[in-house]
Amino acid sequence: MTTLFARLSLAFTIILLILGLSVMWVSHRSSQDYFLEFTQELNAPIAMYMAENGNLVSNNAVNPRWLSELAPHVMMINPSVEVYMLDKTGTVIGQPPNIEGLAKSQIDLQPIQAFLQPDRKLPIAGDNPKDANEQSIFSAFPLFVDNETTGEPDIAGYVYAVVASQQHQTILG
């Protein structure tokens with residue numbers, strides 16, 4: 001009788017342990033996703049602010065020089081942000097002077113297009129130019145120039161702000 005009770009107790013303990021670990025894993029994963037969603041939503045206007053308040057487009061062309069003047073101010077206010085300028089194909093054409101050496105100079109535009117949709121579901125992760133193997137949450141906003149033939153605005157590039165930078169990830173552990 002004691003043997004049957006011991007076996008049932010052991011089986012019940014193992015089942016509770018497995019269920020407990022499963023609940024902890026789901027809870028941890030949910031809190032991480034919530035944190036990323038909250039952080040991305042909170043920082044979503046960064047790229048729009050830079051595109052609208054900086055002179056990133058001049059003479060109907062993208063001007064990466066202004067990024068080097070505006071980005072350090074944004075990065076001083078929020079050190080976890082790294083700001084880049086992309087052309088319309090996703091190639092990095094501008095970066096702040098304090099960021100040296102990119103691991104990835106071509107950014108996938110599909111996450112940016114998803115981010116720019118009004119019915120987006122966050123978090124959306126995109127390429128991190130400083131780490132070719134890492135996906136990070138970001139903020140993005142298109143830069144427009146006038147089409148010379150139609151007079152309509154065309155996308156000439158993007159302001160791309162990686163929100164959870166390497167420094168931010170290091171602090172989170």
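The values are calculated or read from the model by the stated rules, or taken from the named source; none is laboratory data. None of these values were measured; they are calculated from a predicted model. FYI the Cβ positions are ideal-geometry reconstructions off the backbone, even for glycines, and counts take in every protein chain you see. When the accessible area is computed, the model is the full protein with side chains, heavy atoms only, and any ligands, DNA or RNA have been set aside. Shrake-Rupley method; radii C 1.70, N 1.55, O 1.52, S 1.80 Å.
Can you tell me the 0 to 90 degree angle between the C-alpha axis of helix 65-77 and the longest principal axis of the chain, rounded to 10?
40 degrees
Could you check the simple spin-label distance between Ala103 and Arg29, using points 7 Å along Cα→Cβ, in nm with one decimal?
It is 2.4 nm.
What accessible area per residue, rounded to a whole number of Å², is obtained for the chain using a probe radius of 1.4 Å?
62 Å²
What order, most packed first, do the peptides 37-45, 152-160 have when packing is the mean number of other Cβ atoms within 10 Å of each residue?
Sorting 37-45, 152-160 by mean packing, highest first, produces 152-160, 37-45.
Provide the gained length on full extension for the span Ile155 to Ala114, in nm with one decimal, where the gain is 0.36 nm per separating residue minus the Cα-Cα distance.
Between Ile155 and Ala114, full extension yields 13.2 nm more.
Can you give me the long-range amide H partners of Phe144? Hydrogens built in the peptide plane at 1.01 Å from N, cutoff under 5 Å, separation of 5 or more residues or another chain.
The list, which skips near neighbours in sequence, is Ala156.
Treat the range 11-63 as a sphere of radius equal to its Kirkwood radius over Cα pairs and apply Stokes-Einstein at 10 °C in a medium of 1.306 mPa s; give the translational diffusion coefficient in µm²/s, rounded to a whole number.
Approximately 106 µm²/s, per Stokes-Einstein.
Rounding to the nearest 20 debye, state how big the charge dipole of the chain is about its Cα centre with +1 on each Lys and Arg Cβ and -1 on each Asp and Glu Cβ.
Dipole magnitude for the chain comes out near 840 debye.
Quick one: if the Förster radius is 41 Å, what FRET efficiency do Ile18 and Leu122 give, using the C-beta to C-beta distance and rounding to 0.05?
0.85
Based on alpha-carbon centroids, what's the gap between the range 51-103 and the range 118-137 in Å, whole number please?
17 Å
Which percent of the accessible area of the range 108-167 is formed by carbon and sulfur heavy atoms (probe 1.4 angstrom)?
Result for the range 108-167: 46 percent of the exposed heavy-atom area is carbon or sulfur.
Ranking request for peptides 94-103, 73-82: highest mean number of other beta-carbon atoms within 10 Å first, then the rest in descending order.
Taking the mean over residues of other Cβ atoms within 10 Å, the ranking is 73-82, 94-103.
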